[in-house]
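Scroll down for the structure; my scribbles are underneath it.
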Amino acid sequence: MESNKKTARIAGILYLFVGIFGGFAEGFVDPKMYVAGNAAASVGNVVANSGLIRMGVVSHLLDGTFFAFLAMTLYILLKHVHEGVARAMLVLVVLATGIICINAVFQFEGLRVATDRTYVAAFGTAGSNALVLLLLDTQHYGTLIAQVFFGLWLVPLGYLAYESGLFARWLGVVLILGGVCYIVDLLTAFLAPDFGQKIHSFIIIPSAVAEISMVLYLLVIGVRTQKPGPTTPNADLLLTAKTP
């Protein structure tokens, strides 16, 4: 039990780092540079915030790294519940991590094109700006695609948390609900963008609540303390018989 608590708290620390670096990169840096459909404004933002964008690229990479280690730690903690489901959780996180890291390359290349005058000389100002916007568009929509796996990995995690007995069962339910909300948010963003923008602020709330709850549970409680089962009478007699 003490080993499980230690593993759970390590997972909590890793999950906290995922939230910090992912939140900084996606919630703070990305909106400061990307203006959908406006190449000139996007380039202006990139040039004005080049140092911040470099920090954002590094944060994306750290986000992916800690996410991978988080999944491996949770796999160790929960594989006894259902190894196949635990492996599925691990694979989904690996896919998400790969997309995150590739997206960081597009973001960094957008910065390079915006700040290197050789691209202006080769393509002209309009062409260079359009190339920057294309790279940032790719990074933006790549992040949305990664959200498929941000959502899907919460479903096996929720199942394992629910069945393990190591966590409160409501937490497993909330994690599964959060995963479903991530997928709904993604589908509306691609299939019905106008409607997606209207519901985004609301549909993402259960996902945020689920992940924050999991982080706090891992950090504060770790895992539930399981009481040992009662000793059977036969076992008591056997122990008594063996006592000299």
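With θ taken as phi - 60° and the coefficients 6.51, -1.76 and 1.60, list the Karplus ³J(HN,Hα) couplings across region 128-144 in order, rounded to whole Hz; mark glycine and proline as x.
Per-residue couplings from phi come out as 5, 4, 5, 5, 4, 5, 4, 5, 6, 4, 4, 5, 5, 6, x, 5, 4 Hz.
In Å, what Kirkwood hydrodynamic radius results for region 118-226 from the alpha-carbon pair distances?
Roughly 16.1 Å, rounded to one decimal.
Assuming a strict under-27 Å limit between Cα atoms, what lysine pair count do you get for the chain once near-sequence pairs (fewer than 8 apart, same chain) are dropped?
Close lysine pairs found across the chain: 7.
How far apart, in nm, are the 7 Å Cα→Cβ label points at MET55 and THR118?
Those two pseudo-labels are separated by 2.9 nm.
Amide H neighbours of ARG224 under 5 Å, at least 5 residues apart or on other chains, H built in the peptide plane: list them.
PHE167
Short version: ³J(HN,Hα) in whole Hz for each residue of region 217-223, in order, from phi by Karplus 6.51 cos²θ - 1.76 cosθ + 1.60 (θ = phi - 60°), x for Gly and Pro, what are they?
4, 5, 6, 8, 9, x, 9
So what's the back-of-envelope 222 nm ellipticity for the chain, counting only DSSP H runs of four-plus at -39500 (n - 2.57) apiece and dividing by all residues, rounded to 500?
-28000 deg cm²/dmol
Under the Karplus relation 6.51 cos²θ - 1.76 cosθ + 1.60, θ = phi - 60°, what is the ordered set of whole-Hz ³J(HN,Hα) values for region 30-37, x standing for Gly and Pro?
4, x, 6, 10, 8, 10, 4, x
Roughly speaking, to the nearest percent, how much of the chain's 1.4 Å accessible area is carbon and sulfur?
Exposed carbon and sulfur together represent 70 percent of the surface.
Suppose all protein chains stay in the model; what accessible area per residue would a 1.4 Å probe give for the chain, in Å²?
Values: 12700 Å² over 244 residues.
Value returned for the chain: 52 Å² of accessible area per residue.
The values are calculated or read from the model by the stated rules, or taken from the named source; none is laboratory data. Everything quoted here is computed from the prediction, not taken from an experiment. Neighbour counts run over all protein chains shown; Cβ positions are idealised from the backbone, glycine included. Side chains are part of the model used for accessible areas, which takes the heavy atoms of the whole protein and leaves out ligands, DNA and RNA. Shrake-Rupley method; radii C 1.70, N 1.55, O 1.52, S 1.80 Å.
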